[in-house]
Protein chains: 2
Amino acid sequence: MQYKKNFYQIKSNDEIFERIIKEKETIGYYNLPFSDTTEIKEYAKTVKQKDIVVIGIGGNSLGTFAIHDFLMHKENSKKLHFLESTDPIDIQRRVKKIDLDHALFIIISKSGTTIETISILKYISSLVTLDSQNTVCVTENDSKLNAYAQANSMKTFEIPKDVGGRFSVFSPVGLLPLAILGLDIDKLLNGCKLVHDSFFAQGEHYSNIMEKARFIVENKNRYNINVVFSYSSLLEGFNKWYVQLWGESLGKINKNGTKQSFTPIGITGPVDQHSFLQLIMEGKRDKTVTFVKIADFKDELTIPDITIPALEELDYVNNIKFKDLINMQADSTIEAIHNLKDIPYDVITIQHQDEENIAKLMFTYELITSIVGSFVQINTYDQPGVEAGKIILKKKLASK
Amino acid sequence: MQYKKNFYQIKSNDEIFERIIKEKETIGYYNLPFSDTTEIKEYAKTVKQKDIVVIGIGGNSLGTFAIHDFLMHKENSKKLHFLESTDPIDIQRRVKKIDLDHALFIIISKSGTTIETISILKYISSLVTLDSQNTVCVTENDSKLNAYAQANSMKTFEIPKDVGGRFSVFSPVGLLPLAILGLDIDKLLNGCKLVHDSFFAQGEHYSNIMEKARFIVENKNRYNINVVFSYSSLLEGFNKWYVQLWGESLGKINKNGTKQSFTPIGITGPVDQHSFLQLIMEGKRDKTVTFVKIADFKDELTIPDITIPALEELDYVNNIKFKDLINMQADSTIEAIHNLKDIPYDVITIQHQDEENIAKLMFTYELITSIVGSFVQINTYDQPGVEAGKIILKKKLASK
């Protein structure tokens, strides 16, 4: 009797933990919380420009956008702009809002061969002279973009080779623009550290993250959609970052040639109660739902005690703080889903709207992504599926 | 012998067409293209305010947002604002950008009992006196909001009772703010009419829409995710509108008690080539993909003929127009997906970035939604699943 196999077993939590510890030696993002931020902070202090323009796409902008979106009430007077799409009307709309002669340009690309980034760089170069005074590059040490920076005596910050784009927000990719905007990047890293230490000491974060990842993996064919339902408009950027992290990391063919099935969706409450919620409640049970709540918005805005003639019916909202209303809306939706009994959900509550809390949330999601990837035996950190389109594009452009 | 059954047959196209013709008698959106827009246009001319503030949520804002997003390069000098979330920090960020003393407020709610809308209305009322000069209401004829408007001699525009929120963009809900912003609303309706007439005369649009809806329905359990991949940043608003239309209309329990499984996702190219595309290419085959392209952006922005030292490798983009680059990116992605042979996709090309074209796209999607709903025998136009959460919220608020 012979026996041949082409399938894998879902490993035990201990085995996965061992793999992650081994992975930590070659995958750089795990260690970003322990980076030295001195150089970034020193440089940030010298920036006089008001308009800060990030030229970078995908992982080079989404993380910064997420944290900026969440914390921009804390920033100084600088204004952050992103240039990433090749849509001509979008580019011009955005450029119109920038004072080009008094802007700082942050060019971000690991390689310096990202077609969107370099096309926009060329366009901007035709409008304003880029030099050591108004341009800084964030890139790998031996990249073409680095050579460009050197040739123009521009300041550079390094993206470590072992840190992939969608895991790079806590490298200079995110830290540099965020520091310039006046955010406390040490507090960001501190948030990461708290999660890192608890996870690797197999503390509270370890059990939560492991349990969640295992559930998602064991039920992946039944629940092939993973919804994040964030109850704050400020988390819309986080949602977009999550979609990239999850989709691009886990959308892979695994060791056994099986295409994986984790599809991320990010929605926002209460607005999407008027959109996607109906589908969660009465659609097919193919979704897990993770609620993200902010425990205390630290904001006292209150619905005034006004009776509006003809609209008295809603006087029961009078004197309620908006922060309590939105959290009651979240709790009511959670309760309604709980009552259905057949939708798997969890609730992540972050304490405040500050650097530490957003970093904890994001670093936690990075770890969950790594662990799900490890469970299903894929390479979480590459993106081979996007190469085919790039090759076709190059041919099209060459033949033009 | 006895025979009992609890299942349905997918009807023939002819039967569905007959149902839709019958539905047209009671579902108002089909006939919106033929509305008289005189009153809206007359009113719009009288608006002197620069800041136009829509207070409304879900279907009361998403369609306007989508068209605004797509066409705002064509608008006059007015600025459109939306207030919809109960997030206190979001509200204050948005209110800060409005010149309250010189703004026009458009309050939109079918009933006048939408909790987000009325809470924000109360808050705004505490900041500025709302009266016939600065406020207009869009609502049902016998609603509480209408009574409020009457009591304050405010101008009102009617939402017909038989037009649901997510199908209301071509009623005064969308037409009023868009006309005030200077868009040609007759051209919008004209775009709808072209699709309407072709569909009901069983012309080109009939065959395309029918075929698409039937494919989606027949394969719904295999492909439970319907991705719209729009190749223009200007279609991000359309994507959001699509997610509501599709999710809330089709996320239903059908006649036979079966939960339906159509999950909408909206992504944008080329940005999401760096995010979601990997998942489409190598993830489980659980998605249909619809590409939306703009044939001619009518914009000549060109990548300048600049050689950047160290970055010469990308000189092949020199002299390419951005509109050609983005369309070549779209075509390359389509070709890469085509080559895989096992991902169902279609491509919708809209000609220009103008009123008629966005309306054609949106009205087409409304029809597809209706037909998918008719095929699977659900009520496409209600949203019973969101009631449970509202009832819980009311109880929580009452006990406070």
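The values are calculated or read from the model by the stated rules, or taken from the named source; none is laboratory data. Note that this is a predicted model, so its numbers are computed, not measured. Cβ: placed from backbone, ideal geometry, glycine included. Neighbour counts: every protein chain shown.
What the table below lists for this structure:
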| quantity | calculated |
| --- | --- |
| Selected residue (only one of B:Ala149, B:Ala179 is small (Gly, Ala, Ser), more than 20 Å from A:His274 (Cβ to Cβ) and either within 14 Å of chain A (Cβ to nearest Cβ) or surrounded by fewer than 18 Cβ atoms within 10 Å (Cβ to Cβ) (or both)) | B:Ala149 |
| Members of segment A:114-127 that are free of Cβ contacts under 8 Å to residues at least 40 places away in the same chain and either in contact with a Phe, Trp or Tyr (Cβ under 7 Å, 6 or more places away or on another chain) or surrounded by fewer than 15 Cβ atoms within 10 Å (Cβ to Cβ) (or both) | A:Ser126, A:Leu127 |
| Single residue of segment B:150-164 satisfying the filter (in contact (Cβ under 8 Å) with a residue 40 or more places away in the chain and outside any loop (DSSP other than H, G, I, E, B)) that is nearest to B:Ser61 (Cα to Cα) | B:Phe157 |
| Residue ID - farthest from A:Tyr316 (Cα to Cα), chosen from residues in segment B:100-129 that are in a loop (DSSP other than H, G, I, E, B) and touching a helix residue (DSSP H, G or I) at 6+ places or on another chain (Cβ under 9 Å) | B:Val128 |
| Failed item in (1) within 7 Å of chain B (Cβ to nearest Cβ); (2) surrounded by fewer than 24 Cβ atoms within 10 Å (Cβ to Cβ), with A:Val271 passing the rest | (2) |
| Identity of the residue in segment B:281-299, closer than 28 Å to B:Ile320 by Cα and at the interface with chain A (Cβ under 7 Å from one of its Cβ atoms), that ends up modelled with the highest pLDDT | B:Met281 |
| One residue from B:Glu335, B:Glu313 being facing chain A (nearest Cβ under 8 Å), surrounded by fewer than 18 Cβ atoms within 10 Å (Cβ to Cβ) and at pLDDT 95 or above | B:Glu335 |
| A:Ile16 being touching a residue at least 60 places away in the same chain (Cβ under 8 Å), crowded, with 20+ Cβ neighbours inside 10 Å, outside the structural domain of A:Phe157 (by TED's automatic domain parsing) and more than 19 Å from A:Phe105 (Cα to Cα) | yes |
| The one condition in (1) more than 10 Å from every other protein chain (Cβ to nearest Cβ); (2) under 28 Å from A:Pro344 (Cβ atoms) that A:Leu235 fails to fulfil | (1) |
| Cβ pairs under 8 Å, 6+ apart, first in segment B:253-280 and in contact (Cβ under 8 Å) with a residue 24 or more places away in the chain and assigned by TED's automatic domain parsing to the domain that holds B:Thr369, second assigned to a loop (DSSP other than H, G, I, E, B) and among the basic types (Lys, Arg) | B:Gln260/A:Lys284; B:Gln260/B:Lys220; B:Gln260/B:Lys252; B:Ser261/A:Lys284; B:Ser261/B:Lys220; B:Phe262/B:Lys220 |
| Selection within segment A:374-400 - hydrophobic (A, V, I, L, M, F, W, C), more than 7 Å from chain B (Cβ to nearest Cβ) and either assigned to a helix (DSSP H, G or I) or in contact with a Phe, Trp or Tyr (Cβ under 9 Å, 6 or more places away or on another chain) (or both) | A:Phe375, A:Val376, A:Ile391 |
| Filter result (surrounded by 24 or more Cβ atoms within 10 Å (Cβ to Cβ) and of a type in the set (Asp, Glu)) within segment B:227-266 | B:Glu248 |
| Set A:Val173, A:Val217, A:Val195: member being under 22 Å from A:Asn76 (Cα atoms), surrounded by 18 or more Cβ atoms within 10 Å (Cβ to Cβ) and either modelled with pLDDT of 95 or more or assigned by TED's automatic domain parsing to the domain that holds A:Asn76 (or both) | A:Val173 |
| Checklist (1) modelled with pLDDT under 95; (2) assigned to a loop (DSSP other than H, G, I, E, B) applied to B:Ser132, failing item | (1) |
| Looking only at segment A:300-309, and only at residues there that are within 7 Å of chain B (Cβ to nearest Cβ) and buried (at least 17 other Cβ atoms within 10 Å of the Cβ), the one that is nearest to B:Ser399 (Cα to Cα) | A:Ile303 |
| Total residues in segment A:1-50, condition closer than 24 Å to A:Glu366 by Cβ, in a loop (DSSP other than H, G, I, E, B) and aliphatic (A, V, I, L, M) | 2 |
| Pair list, Cβ under 8 Å, 6 or more apart: segment A:240-252 residue facing chain B (nearest Cβ under 7 Å) and closer than 16 Å to B:Thr268 by Cβ, other residue assigned to a helix (DSSP H, G or I) and of a type in the set (Phe, Trp, Tyr) | none |
| Among residues of segment B:51-98, those that are of a type in the set (Ser, Thr, Tyr) and within 15 Å of B:Ile120 (Cβ to Cβ), counted | 3 |
| Flag if A:Arg214 is within 17 Å of the chain's Cα centre (by Cα) and among the basic types (Lys, Arg) | no |
| Selected residue (criterion: surrounded by the most Cβ atoms within 10 Å (Cβ to Cβ)) from residues of segment A:358-373 that are more than 17 Å from A:Val227 (Cβ to Cβ) and within 14 Å of chain B (Cβ to nearest Cβ) | A:Ile358 |
| Residue match in segment A:274-283 (condition: charged (D, E, K, R) and within 16 Å of A:Ile343 (Cα to Cα)) | yes |
| A:Gln383 assigned by TED's automatic domain parsing to the domain that holds A:Leu194, touching a Lys or Arg at 6+ places or on another chain (Cβ under 9 Å) and among the polar types (S, T, N, Q) | no |
| Residue among B:Ser61, B:Ser35 that is within 11 Å of chain A (Cβ to nearest Cβ) and at pLDDT 95 or above | B:Ser61 |
| Exclusive hit being more than 26 Å from B:Ile120 (Cβ to Cβ) and within 13 Å of another protein chain (Cβ to nearest Cβ), set A:Asp324, A:Asp342 | A:Asp342 |
| Of residues in segment A:345-357 being more than 18 Å from the chain's Cα centre (by Cα) and away from chain B (no Cβ under 14 Å), the one farthest from A:Tyr242 (Cα to Cα) | A:Gln351 |
| Counted residues, segment B:73-99 - those being within 21 Å of the chain's Cα centre (by Cα) and in a loop (DSSP other than H, G, I, E, B) | 3 |
